[in-house]
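To start, the structure itself, in C-alpha cells.
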Protein chains: 2
Amino acid sequence: MKVIGKIGKGVKKIKEDDLEELKYNLLLDYISKKVDISEGKRAVEDIIRVIYRHQPISTKKIAQKTKLPLPIVAKVRTILEREKLLKRCEKGAELTEKGLKFAENVLKLKYKKSLTCKTCKGRGIVLDEFFEEILNKVKIWSKKRPVVDTSLDQSFATPETSTYRAALMYERGDLEGKNILFVGDDDLTSLPTALTNMAENIVVVDIDERILKLIEKFAEKENVNIKTVKYDLRNPLPEELKEKFDVISTDPPYTVDGLKLFLSRGIEGLGNEGVAYLSYSHKPIEEWLLIQKAITDMGFVISELIPNFNYYEGSEIIANTTFISRLIGKDLKVNIGDINKIYTGLVKPVIRYYKCLKCGKIYKVGDKIKKVEDLVCECGSKKFKMIKREKIKNQNE
Amino acid sequence: MKVIGKIGKGVKKIKEDDLEELKYNLLLDYISKKVDISEGKRAVEDIIRVIYRHQPISTKKIAQKTKLPLPIVAKVRTILEREKLLKRCEKGAELTEKGLKFAENVLKLKYKKSLTCKTCKGRGIVLDEFFEEILNKVKIWSKKRPVVDTSLDQSFATPETSTYRAALMYERGDLEGKNILFVGDDDLTSLPTALTNMAENIVVVDIDERILKLIEKFAEKENVNIKTVKYDLRNPLPEELKEKFDVISTDPPYTVDGLKLFLSRGIEGLGNEGVAYLSYSHKPIEEWLLIQKAITDMGFVISELIPNFNYYEGSEIIANTTFISRLIGKDLKVNIGDINKIYTGLVKPVIRYYKCLKCGKIYKVGDKIKKVEDLVCECGSKKFKMIKREKIKNQNE
C-alpha cells in the first residue's frame, strides 16, 4: 500500500487520524524490515489479509494461501505476536483487537468472503466420474511409494494433484493420441495419465530406480502401457527418445539450473515444437524473473498459469503448494545451465536437525550424514521429526 | 501429433491400418498448409477436437474454445467441409462419418466430456451476492456506452467480464486500501471496482472523452469516487499521477508496441514496484514470445494467467475472448517501442466493406473513410454490417 493523500483533494492536512495511520505505517515498515525477505511489505500484508479473511487459521494454511514458504510465515507470525497484533488460539492464528484495527484502518480491509470457486478450488477444471475412478486407483498405488529422497529434491504430489494434471492435459487436448514424456516422475503423474488409455505412448525417465520399479509394477498390474527409462538427466536424452514427443510434463528441482536442465531434456524429446506442462514453486520475483527469461529464451510461451494447482505430501518448506503452467514452444532451443547446481541442496546447503521420535536423541543432517533417509538412531528407530533448519553460509555470501 | 511407431516395439511393419493412417495424416498436413497460419497443424487439430467434443457447435463458439481468430476458424471450416469431414446443420458444425473416423482414427479422440468447471466457467473465481449486485448495476450502466471507436482498437468487455476482474482483484488482495490506475478503460472496469467501495483511490486515464464523461456521470449518480483524466498515452503520464499507485489495470491494443506503451505508462504510475492486471489477446506463438520478452524486460513476472477470462461484445476478429494475467513487478523499467504502431489499424492496415442495413449500398472503410463510426449512408441510415475484410499490403511485405 502506497501512502498518498487523496488524489485531487488538494494539500493534505495532518489530522489526528493521519497521525494514527502514520504510526501504524511505521509499524508495517518495521515488521517488513524485520522479516528480511525481498517482498517484505507485501508478504506481511498478504499474511494479515489471509488471517483477516480466514481466522482462525493454521500456519500451514496461511502458507498455502499466501504461497509463501512456511519458515517465512512462521517468522512473520512470531513478530506479529510480539507486536500484539496476533494471538494463538486452539484452531490457529487470530487477530487481536489491535490487529483488527491495524487490518481495517491501515490495510483498509473490510470484506471477508473468499471468491475462490469451491467446486474446482480455483483450478478451473473438475474431475468427472471417469477421472474420479482413476483418482481412486491412484490413491491406492500412491501408498506404495518409497520414502522421499530429499537429496534429489523429491517431494510427492498428492494423488489428487497428479489426477488433476492428467485431467488438465485431457481438457487442453494434450492427451488423446499424443506421445507424452515425463521428465522425472516422482509425482507418479504417469499413473493417472496411463489409466485414461488416451495417450499414444507414455515414457517416464527418472534417476530413481525405486520410482521406476513402482511404475513398472503398476503398468503390469493395471495392464497399461508405460515405458520406463533409468536415466540421469545430466546426460543428453537417449537417442531413441529424441524428437519423439508431442507433450512433456515435469516438476523439476526448484532452482534456475534445475528448471533449465529438465526443460532442456524435455526439448530434446519434443524436437522443434510442442507443449510442456511445468509445475514449479511460487518464487520471489527476482528468481522468477530469471526463470521467465530462461523459459522465453528456450522458445516457450506461458499460455496458462494456475497458482496453487499442485499440493504435496509433507513438503512444508515450499508451503505445500506450487503452480502449474502450460507452455507452448516453437523453434525450441536447449538452454542448459550449471548441471552441478540443479538441486536446492547444492545451491543453498542447509543443516537440518532431526529428533528421534522414539528416544528423543537429536541428529544433524546435511553435513556428514547427507539425507534423513540414511539416518538410523542408536535406539534402532528410523522415525524422525525435523525440528530445526539452518543455512550453511557459502563462501561467496 | 507426431507420427511415430510404438516406442520399443521394434521395427514398424506397414500394415493396411498404417496405410490408412498415413493417408489421413497426409490429409491433415494438406489442410494445415492450406490454412497458412503459424500453428497450422495444431489449429486444425484443436478445431476438430472442439467440434468432436461439443458438436453441433457454432463457428463463434469454436473460436472461443480454441482461442483462434474467427476468420481462421471460418477458413478451416470451409476446407474441412470441402474435404467432406464436416457438414453444416441447423445448430452449427458437425463431423460427417468420414470426419468422425478421422477424429477417432487419426487424432485418436475418444472422450467427449468437458472438464472445465461449470460453476466458474474455468475462471477459478465466482461472484458472491455482493458482487452479483454490483454486476446488476454495471449491466445497466454498460447500456449507456457510446459506439466503439475501432480506430482506437476499442472493443467493449461484457459487464460480467469487468465485474469478474474486480472480483479477481479483491480475491488477490489488490483492491482493499489500494490506489488503482486504469490505463485506458473503454471496458468500464472502473465501475465495478468503484462500486465495491474498497479501493483507496481510483484514477482512469483515457483518450476518449465519451468514455470519461460516462464514468464521471456514473461516479456522480452512484456516489463513488473515480478521478478521470483525459490523456493521450503517447505523452508521458501527468506528473501528479507518477509513482502514486499500487495496482494498474489495462486491456491495451493487441500490438507489441501497444502493450509496451500501455504497460510503460502504467509503470510510470506504479514507480519501482507494483501489480498489473493485463488483459490481452491469445496470440500466435511468435508474437506472444515478443510480448513475454517485453514483459520480462520491464521487470514483471507472470504470477497467474487465466485463458478465456474476458469476453467482449461483438468483437469477432479476436474470437471474442482474451486472457487476463496478474503481473507482479519489481525494479520496473519503462520500455516504450514505436508509438506510431500502437493500434492494429496502423500495424496491419485493413479495408473493411460495410453494407447499409437499410438500402444495401456497400461502402469501403479504412482508406478515405477511416472508421465505420464516421459513415452515413446516402439513404440516411447509420446502421451497417461488415461483409468483407482485406489486408492492405505494406510496402515492406
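Given a cut-off of 30 Å, name the pairs among A:LYS227/B:LYS67; B:LYS144/B:LYS333; A:LYS67/B:LYS121; A:LYS108/B:LYS65; A:LYS178/B:LYS388 whose C-alpha atoms lie farther apart than that in the structure shown. Result: A:LYS227/B:LYS67; B:LYS144/B:LYS333; A:LYS108/B:LYS65; A:LYS178/B:LYS388 exceed 30 Å. Across the identical copies, the label point of A:GLY360 (7 Å from Cα in the Cβ direction) is separated from its matches by 9.8 nm, in order from shortest. For the protein assembly as shown, the square roots a ≥ b ≥ c of the C-alpha gyration tensor eigenvalues yield an a/c of 1.5 or more together with a/b not exceeding b/c, which makes the shape oblate. Bridgeable lysines around A:LYS230 (alpha carbons under 16 Å apart, same-chain partners fewer than 8 residues away excluded): A:LYS213, A:LYS217, A:LYS242. The largest accessible area among B:VAL247, B:VAL147 belongs to the first residue in B:VAL147, B:VAL247, and the rest follow in falling order (1.4 Å probe, all chains). By DSSP, the beta bridges lying fully in chain B are antiparallel in about 65 percent of cases. Report the residues of the stretch A:80-100 in range of a label on A:LYS23: point 7 Å along Cα→C-beta, backbone N strictly under 14 Å from it. In the stretch A:80-100, the label zone of A:LYS23 (backbone N under 14 Å from the point 7 Å along Cα→Cβ) covers A:98-99.
Buried area at the B:A interface is about 6700 square angstrom, summed over both chains, from accessible surfaces computed with a 1.4 angstrom probe. Decide, for the stretch B:19-86, between rounded, prolate and oblate: order the square roots of the alpha carbon gyration tensor eigenvalues as a ≥ b ≥ c, take rounded if a/c falls under 1.5, and otherwise choose prolate if a/b is larger than b/c, else oblate. Because a/c hits 1.5 or more and a/b exceeds b/c, the stretch B:19-86 counts as prolate. Label-point spacing for A:PRO238 across the identical copies (point 7 Å from Cα in the Cβ direction), in nm and ascending order: 6.7.
Taking every residue in A:110-122, how many Cβ atoms of other protein chains lie within 10 Å of its Cβ, on average? Before the final figure, lay out the partial values.
Working: counts 5, 9, 0, 6, 5, 15, 5, 9, 3, 5, 10, 2, 8.
Mean partner-chain Cβ count within 10 Å for A:110-122: 6.
What shape does chain A have by the C-alpha gyration tensor, where a ≥ b ≥ c are the square roots of the eigenvalues, rounded means a/c under 1.5, and otherwise prolate means a/b greater than b/c and oblate the rest? Verdict is prolate for chain A.
Of the peptides B:175-188, A:252-265, B:328-341, B:123-136, how do they stack up when ordered by the mean number of other Cβ atoms within 10 Å, highest first? Each step should come with its number before you reach the end.
Numbers: B:175-188: 25.6, A:252-265: 23.7, B:328-341: 16.3, B:123-136: 17.9.
Descending mean neighbour count gives B:175-188, A:252-265, B:123-136, B:328-341.
Per atom type, chain B shows carbon and sulfur on 50% of its accessible surface, probed at 1.4 Å.
Pop the C-beta distance of A:VAL376 and B:ASP331 into the FRET formula with R0 = 51 Å and round what comes out to the nearest 0.05. Mind dumping the intermediate values first?
Numbers: r = 48 Å, r/R0 = 0.95.
Efficiency, rounded to the nearest 0.05: 0.60.
Extension gain, B:LYS221 to B:GLU209, is 2.5 nm, computed as 0.36 nm per intervening residue step minus the present C-alpha separation.
Normalised by the number of residues in chain A, what is the relative contact order in percent for Cα pairs under 8 Å and 6+ residues apart?
Values: 664 pairs, mean separation 51.5, N = 397.
Computed value for chain A: 13 percent relative contact order.
Between the listed residues A:LEU270, A:THR119, A:LEU168, the Cα displaced farthest toward the positive end of the dipole of chain A, a dipole computed from Cβ unit charges relative to the Cα centre, is found at A:THR119. For the segment A:301-312, counting C-beta atoms of other chains within 10 Å of every residue's C-beta and taking the mean gives 5.
Loop only per DSSP, at most 14 neighbouring Cβ atoms within 10 Å: give me the GluC sites (Glu not before Pro) in the stretch A:88-125, ordered by residue number. If you can, show how the numbers build up before the last one.
Details: sites: A:GLU90, A:GLU94, A:GLU97, A:GLU104; in loops: A:GLU90.
Counting only loop positions with at most 14 other Cβ atoms within 10 Å, the GluC sites (Glu not before Pro) in the stretch A:88-125 are A:GLU90.
Among beta bridges from DSSP that stay inside the protein assembly as shown, the antiparallel ones total about 70%.
Taking a 1.4 Å probe, which of B:LYS230, B:LYS371 shows the most accessible area, and what order do the others take after it? Write down the numbers at each step before the final one.
Numbers: B:LYS230 120, B:LYS371 45 Å².
Order by accessible area, largest first: B:LYS230, B:LYS371.
Given the DSSP H assignment, sum -39500 (n - 2.57) over each helix run of at least 4 residues in chain A and divide by its residue total; what's the result at 222 nm in deg cm²/dmol, nearest 500?
On the way: 12 runs with 141 residues, N = 397.
Mean residue ellipticity, 222 nm, calculated: -11000 deg cm²/dmol.
Beta bridges from DSSP with both residues in the stretch A:129-341: antiparallel share about 50 percent, rounded to the nearest 5. Averaged over B:96-108, how many beta carbons belonging to a partner chain fall within 10 Å of each residue's beta carbon? Other-chain Cβ atoms within 10 Å of each residue's Cβ, averaged: 1.
If R0 is 30 Å, what FRET efficiency do you get for A:GLU104 and A:ASP128 from their C-beta distance, rounded to 0.05? Present the calculation step by step, with values, prior to reporting the outcome.
Numbers: r = 43 Å, r/R0 = 1.42.
Rounded to the nearest 0.05, the efficiency is 0.10.
The values are calculated or read from the model by the stated rules, or taken from the named source; none is laboratory data. This one's a predicted model, so the numbers in the text were calculated from it and none came from an experiment. All Cβ positions, glycine included, derive from the backbone under ideal geometry; neighbour counts span all protein chains shown. Accessible surface is based on the protein model in full, side chains and every heavy atom, while ligands, DNA and RNA are left aside. Shrake-Rupley method; radii C 1.70, N 1.55, O 1.52, S 1.80 Å.
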